[in-house]
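Have a look at the structure below, then the notes.
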Amino acid sequence: MNKRELKIGEIAQLTGRPEREIRALIQAHESLFSCRTIGPVRIFPGSAVRIVREVIELSEKGLTPEEVIREIRSAGAPEGSAADTDRTGIQLPPGALIEIRVLQETLARQERQIARLTADLEREREERREEAGRLRQTIDCLQEQVAVVAEWVDYFDLRMDEITLPALDRVRRVLGREDGPGRSG
């Protein structure tokens, strides 16, 4: 349960107390609880349920809020409370661990977005390369077709030139005489 994050309503359900009572209890003993906020909602670590139960138990014994806080802290700083320390043993301010976790989550989310965008960009580049290759093939094919058409045009132009020559020039050309008047040289 310590890894789970809870809203005040969920803490109320787990402790069997009304939500209004849990809100008042957390407000009165705020230094015992760490939380993060998402908009108007406060999110508490799973250890908040244990702290709430201890506060209720000590309050029912008649201790004042200050005595309850002192008693819980003297029994050992609860996990997820403002007394958490980092690996160097330095006491962190209230909510610092949650802020670090939020920053880590944000960084991880941004890294995933960057990785996704990079993959999308690479896929887009590959699609453009394939498209360029297809366009090159199409251009090569069209150039071959244009070359064939140009050969046919040249052939038909030559045939038309021959057909339009006077009959005498055509006969001379066939017989191999080069000095005919219609002979282009």
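The values are calculated or read from the model by the stated rules, or taken from the named source; none is laboratory data. Source: prediction; values computed, not measured. Ideal geometry is used to build each Cβ from the backbone, glycine not excepted, and the neighbour counts take in all protein chains shown.
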- Could you list, in sequence order, all residues of segment 17-43 that are in a loop (DSSP other than H, G, I, E, B) and surrounded by 14 or more Cβ atoms within 10 Å (Cβ to Cβ)? 17, 29, 33, 34, 35
- If you go through segment 63-122 one residue at a time, how many are modelled with pLDDT under 75, surrounded by 11 or more Cβ atoms within 10 Å (Cβ to Cβ) and among the basic types (Lys, Arg)? 1
- Does segment 15-31 contain any residue that is more than 23 Å from residue 101 (Cα to Cα) and within 38 Å of the chain's Cα centre (by Cα)? yes
